[in-house]
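Asker: Sharing a structure, written as structure tokens. Questions coming.
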Amino acid sequence: MAADNLQKIFQPYWRPAESRGHGGLGLGLHICSLIVKSHGGTLQVTSTAEHGTSFVARIPVRPGVAAVA
């Protein structure tokens, strides 16, 4: 994924030019970011040409709640 696209991918209805015409509305990553943020977390993206794109969601564990390993 092009570096300039990484700044836009969490915006609602935005899709990179190469994915237009393949279905979808461009809401999936926006919805994911809203869910993660509503839980006090962060959603990060990194992309390397020829290797792909990775997403990391971090959601804090509330005190008194057991973490799942």
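Asker: Computed FRET efficiency, Cβ-Cβ of Arg62 and Trp14, R0 25 Å: what is it to the nearest 0.05?
Answerer: Details: r = 32 Å, r/R0 = 1.28.
Rounded to the nearest 0.05, the efficiency is 0.20.
Asker: Over the Cα atoms, compute the radius of gyration (one decimal) and Dmax (the largest Cα-Cα distance, rounded to a whole number) for the chain, in Å.
Answerer: Both quantities, over Cα of the chain: 14.5, 47 Å.
Asker: Same structure, new question: Multiply the residue separation of Thr48 and Leu6 by 0.36 nm, subtract the distance between their alpha-carbon atoms, and state the gained length in nm to one decimal.
Answerer: 14.0 nm
Asker: Still on this structure, please answer the following. When the accessible area of the chain is computed with all protein chains present and a 1.4 Å probe, what percentage of it is carbon and sulfur?
Answerer: Taking all protein chains in place, the chain shows 59 percent carbon and sulfur surface.
Asker: Within the range 2-50, list the chymotrypsin sites (Phe, Trp or Tyr not before Pro) lying in a DSSP loop whose Cβ has at most 15 other Cβ atoms in a 10 Å radius.
Answerer: When the chymotrypsin sites (Phe, Trp or Tyr not before Pro) of the range 2-50 are filtered for loop state and at most 15 Cβ neighbours within 10 Å, Tyr13, Trp14 remain.
Asker: If I build a Gaussian network model for the chain, linking alpha-carbon pairs within less than 10 angstrom, which residue out of Gly26, Gly41, Gly52 has the largest mean-square fluctuation?
Answerer: Gly52
Asker: Please tell me the relative contact order of the chain in percent, rounded to the nearest whole number, where contacts are Cα pairs under 8 Å and at least six residues apart.
Answerer: Over the chain, the number comes to 26 percent.
Asker: Right, here's the next one. Per-residue accessible area for Thr48 at 1.4 Å probe radius, Å² rounded to 10?
Answerer: 80
Asker: So if I place +1 on the C-beta of Lys and Arg and -1 on the C-beta of Asp and Glu, and nothing else carries charge, what would the dipole magnitude of the chain be about its Cα centre? I want it in debye, nearest 20.
Answerer: Here the size comes out at about 280 debye.
Asker: Any idea what angle helix 28-38 forms with the longest principal axis of the chain, computed on alpha-carbon atoms, 0 to 90 degrees, nearest 10?
Answerer: Computed tilt is about 20 degrees.
Asker: When the helix-only estimate is applied to the chain (DSSP H runs of n ≥ 4, each -39,500 (n - 2.57), divided by the residue count), what is the mean residue ellipticity at 222 nm, nearest 500 deg cm²/dmol?
Answerer: Using -39500 (n - 2.57) per qualifying helix, the result is -5500 deg cm²/dmol.
Asker: Per residue, how much accessible area does the chain have with a 1.4 Å probe, in Å²?
Answerer: 78
Asker: Still on this structure, I have one more. How long is the gain from Phe55 to Leu27 if the chain were fully straight, where each residue apart is worth 0.36 nm and the alpha carbon distance is subtracted?
Answerer: Length gained, Phe55 through Leu27: 8.5 nm.
The values are calculated or read from the model by the stated rules, or taken from the named source; none is laboratory data. As the structure is a prediction and not an experimental result, all values here were calculated from the model. Every residue, glycine as well, gets a Cβ built from its backbone with ideal geometry; the counts of neighbours run over all protein chains shown. Note: areas computed on protein heavy atoms with side chains; ligands, DNA, RNA excluded. Shrake-Rupley method; radii C 1.70, N 1.55, O 1.52, S 1.80 Å.
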